[in-house]
Amino acid sequence: MNRALPAFMIFLTICTILIAGTPEKVDNFTLNDYNGKKISLSDFKDSKAIVLMFVATQCPVSNAYNERYNKLFEDYSAKNVAFVGINSNKQESVEEIKQHAAEHGFKFPILKDINNIIADKLDAQRTPEIFVVHPTTYEILYHGRIDDSQRESLIKTNDLRAALDEILAGKPVTVKETKAFGCTIKRVK
Amino acid sequence: MNFHNLQRRTLFGVLVSLHIILPITLSSQTVETITKESLRTMIDQRQGNILLLNIWATWCKPCVEEFPDLIRISKELKNVEVIAVSVDYPDEIEEKILPFVKKMNVPFKVYVTDFNSQDELFQLLDSEWSGEVPATFVFNSNGKQTAFLRGKHSYNEFKHAIEEVTNKR
């Protein structure tokens, strides 16, 4: 027994290292939106889930999803799911984000993540990249892509919608982690 | 024949030669689709060379910006094979990928993925990679991955990652 415990602890450590990357939960945070209004995760405590979307103004992949961001917001905000855009790109200014949001009719807030602090905490790497967070525990319920193709005509799996539908049905999310091609988030050095 | 005529004839000859030679040189550059199996084989069958595998896209500005450094690596480091795999769509070869490859006079092989899904590429490469491009992977002469360079990198950074493989030999 005494011998088994250290071996088991080593095994646990190795497992922890192997699955390290996306954290299991995120702490509550506060950032300013493009109008200077402070927005915190705790503001959405009465929602069914919080969808954090790392977005960009200049990334062609993120821009390919502009209409899909709006459709998701339209479909799921009616079901009490909160949507929050986060822009962590160092080269995209608050004014540029504001103008871009107006041009594309975004109705969800977009927060400016100065010095990519939240991107670092979540280990977000690209745009678009999605984290669905529990509204009170901030556990990450889903991490990954919106769907599996930049081209709407080639979509085979609507991964984010599937995850949200399961959350709204009170079920565990079947596919919690997905990947997709996207633009690298440009961080401060 | 006076001196001016000789000059004009020489210039004319050079221009004609350029018209013949340049298109032949440029037309040797091709972009083909690649399957998961073919890419796996390329990684595994190294034939003594180190592989610098760059994943890129024409829509990706930092990818385009680091291409000159990849070209320099390919030209200067003889023990290294550079391969660029684009995650654009195969139907974009003629319109987007090939014009870029020709414009840059890329000396190494450029492919575009023709996988059943993008997940197949993720399964093939480092699990730490979540899809952001550019992404560059270094494989040693046995096909074992020795480095994963996330985002845009410089000639010196590529060279350093390659030298780490060489030094471990």
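The values are calculated or read from the model by the stated rules, or taken from the named source; none is laboratory data. Computed from a predicted model, the values in this text were never measured in an experiment. Here Cβ is always computed from backbone atoms with ideal geometry, including for glycine, and neighbour counts include all displayed protein chains.
Scanning the range B:79-115 for residues that are in a loop (DSSP other than H, G, I, E, B), closer than 25 Å to A:ARG151 by Cα and touching a residue at least 40 places away in the same chain (Cβ under 8 Å) returns B:VAL87, B:ASP114, B:PHE115. In the set (1) within 24 Å of B:ARG150 (Cβ to Cβ); (2) surrounded by 19 or more Cβ atoms within 10 Å (Cβ to Cβ), A:ASP120 fails one condition alone, (2).
Against the numbered list (1) farther than 14 Å from B:GLU66 by Cβ; (2) within 14 Å of another protein chain (Cβ to nearest Cβ), B:LYS144 comes up short only at (2). For the range A:131-140, the set of residues classified as surrounded by fewer than 22 Cβ atoms within 10 Å (Cβ to Cβ) and in contact with a strand residue (DSSP E or B) (Cβ under 9 Å, 6 or more places away or on another chain) consists of A:HIS134, A:PRO135, A:THR137, A:TYR138, A:GLU139, A:ILE140, listed by residue number.
In the range B:59-75, is there at least one residue being part of a loop (DSSP other than H, G, I, E, B), within 20 Å of B:SER154 (Cα to Cα) and within 11 Å of chain A (Cβ to nearest Cβ)? Outline the logic, then answer.
Of the residues in the range B:59-75, the ones part of a loop (DSSP other than H, G, I, E, B) are B:59-60.
Within this subset, residues satisfying the condition of being within 20 Å of B:SER154 (Cα to Cα) are B:59-60.
Applying the additional criterion that residues be within 11 Å of chain A (Cβ to nearest Cβ) yields B:59-60.
Yes, there is a match, as at least one residue in the range B:59-75 is part of a loop (DSSP other than H, G, I, E, B), within 20 Å of B:SER154 (Cα to Cα) and within 11 Å of chain A (Cβ to nearest Cβ).
Give me the residue from the range B:116-125 that is in a loop (DSSP other than H, G, I, E, B) and modelled with pLDDT under 95 and, out of that set, nearest to the other protein chains (Cβ to nearest Cβ). First the steps, then the outcome.
As a first pass, look at the range B:116-125 and keep what is in a loop (DSSP other than H, G, I, E, B): B:116-117, B:125.
From the residues that got through so far, the ones that are modelled with pLDDT under 95 too are B:116-117.
Details: B:ASN116: 9, B:SER117: 6 Å.
Filtering first and then ranking leaves B:SER117.
A residue that is basic (Lys, Arg) and within 15 Å of the chain's Cα centre (by Cα) can be found somewhere in the range A:137-149. For the range A:153-189, the set of residues classified as of a type in the set (Asp, Glu) and either under 20 Å from B:LEU121 (Cα atoms) or not in a helix (DSSP H, G or I) (or both) consists of A:ASP159, A:GLU177, listed by residue number.
For the range B:99-112, the condition of being over 22 Å from B:ASN167 (Cβ atoms), within 14 Å of another protein chain (Cβ to nearest Cβ) and in contact with a strand residue (DSSP E or B) (Cβ under 6 Å, 6 or more places away or on another chain) holds for at least one residue. Being within 13 Å of chain B (Cβ to nearest Cβ) and on the phi > 0 side of the Ramachandran plot holds for only one residue in A:ASN116, A:ASN63, and it is A:ASN116.
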